[in-house]
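What follows is a set of notes on a single structure, which appears directly below.
The values are calculated or read from the model by the stated rules, or taken from the named source; none is laboratory data. As the structure is a prediction and not an experimental result, all values here were calculated from the model. Neighbour counts are summed over all protein chains in view; Cβ atoms, including those assigned to glycine, are modelled from backbone coordinates with ideal geometry. In case anyone asks, the SASA skips ligands and DNA or RNA and just uses the protein heavy atoms, side chains included. Shrake-Rupley method; radii C 1.70, N 1.55, O 1.52, S 1.80 Å.
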Amino acid sequence: TKAQINLSQGLVAHYQFTGNANDVSGNNNNGVVNGAVLCPGLSGLPNTAYLFDGISNYIQVSNNSLLNSFPGDSFTLCALMKTKGFYNGACHGNCIIEKGNSDFIPGHYSLRFSDTYSSSFQNCNSPVNVNQQNYNLQVYGSSTTSSYQYPLPYIDTSQWDCIVASCDGDSTRIYVNAQLRQSIAMTGSLLSNN
């Protein structure tokens, strides 16, 4: 027999994007769409994904205590996405999911993609490298000096990716299409923010 995992246990938010950005978890963390437009998703069905312009489009969810802190600093983020291009403005990086408005405030976490690693964390001082974009999980309290234990695959704009980012309070991990691609030690607590 196979072990069955209840994916709804502890679920804070779930967005199916079936014509809107409503949270189907029952926690009412509904999103407000700002400029993004509905488009076909992985299955090809219309209105099952959102297309962002990479500059000013976003979906915003109001602050909720469920989004602020997690038991033991443990949480998991998951996104199914296809990248069409890369932001090339100042401090180029592309957020997929972000809590908080700065990398350096307690409680901040974000799932993103950028060329941060290939530029040795100088993406604010160097031009964008579209050929060396990687997914990463930024968590306040995680170390940026750890060695990365697994090869970081570059983003392939011709395919959909399933990105799972997890934090267990001691380390953060990134899985891309079911393969572990990054593990980083944490040096502090996540805490919470408004």
- Can you name the condition, by its number, that Leu67 falls short on among (1) open to solvent by 50 Å² or more (accessible area, probe 1.4 Å); (2) hydrophobic (A, V, I, L, M, F, W, C); (3) at pLDDT below 95? (1)
- Which of the residues belonging to segment 72-108 are more than 21 Å from Asn57 (Cβ to Cβ) and in a strand (DSSP E or B)? Ser74, Phe75, Thr76
- Would you point out the residue of segment 87-142, among those that are among the charged types (D, E, K, R) and modelled with pLDDT of 80 or more, that is surrounded by the fewest Cβ atoms within 10 Å (Cβ to Cβ)? Glu98
- For segment 159-194 the number of residues that are part of a loop (DSSP other than H, G, I, E, B) and of a type in the set (Phe, Trp, Tyr) is 1
- So which residues in segment 24-52 are under 23 Å from Gln159 (Cβ atoms) and open to solvent by less than 80 Å² (accessible area, probe 1.4 Å), if there are any at all? Ala36, Val37, Leu38, Cys39, Pro40, Gly41, Gly44, Asn47, Thr48, Ala49, Tyr50, Leu51
- Yes/no for Ala21 being modelled with pLDDT of 95 or more, surrounded by 14 or more Cβ atoms within 10 Å (Cβ to Cβ), assigned to a loop (DSSP other than H, G, I, E, B) and in contact with a strand residue (DSSP E or B) (Cβ under 8 Å, 6 or more places away or on another chain): yes
- Picking from Ile184, Ile163, the residue that is out of contact with any helix residue (DSSP H, G or I) (no Cβ under 7 Å at 6 or more places or on another chain), surrounded by 14 or more Cβ atoms within 10 Å (Cβ to Cβ) and at pLDDT 90 or above would be Ile163
- Message: Take the conditions outside any loop (DSSP other than H, G, I, E, B) and either more than 14 Å from the chain's Cα centre (by Cα) or modelled with pLDDT under 95 (or both) and apply them to Leu45. Does it pass?
- Response: no
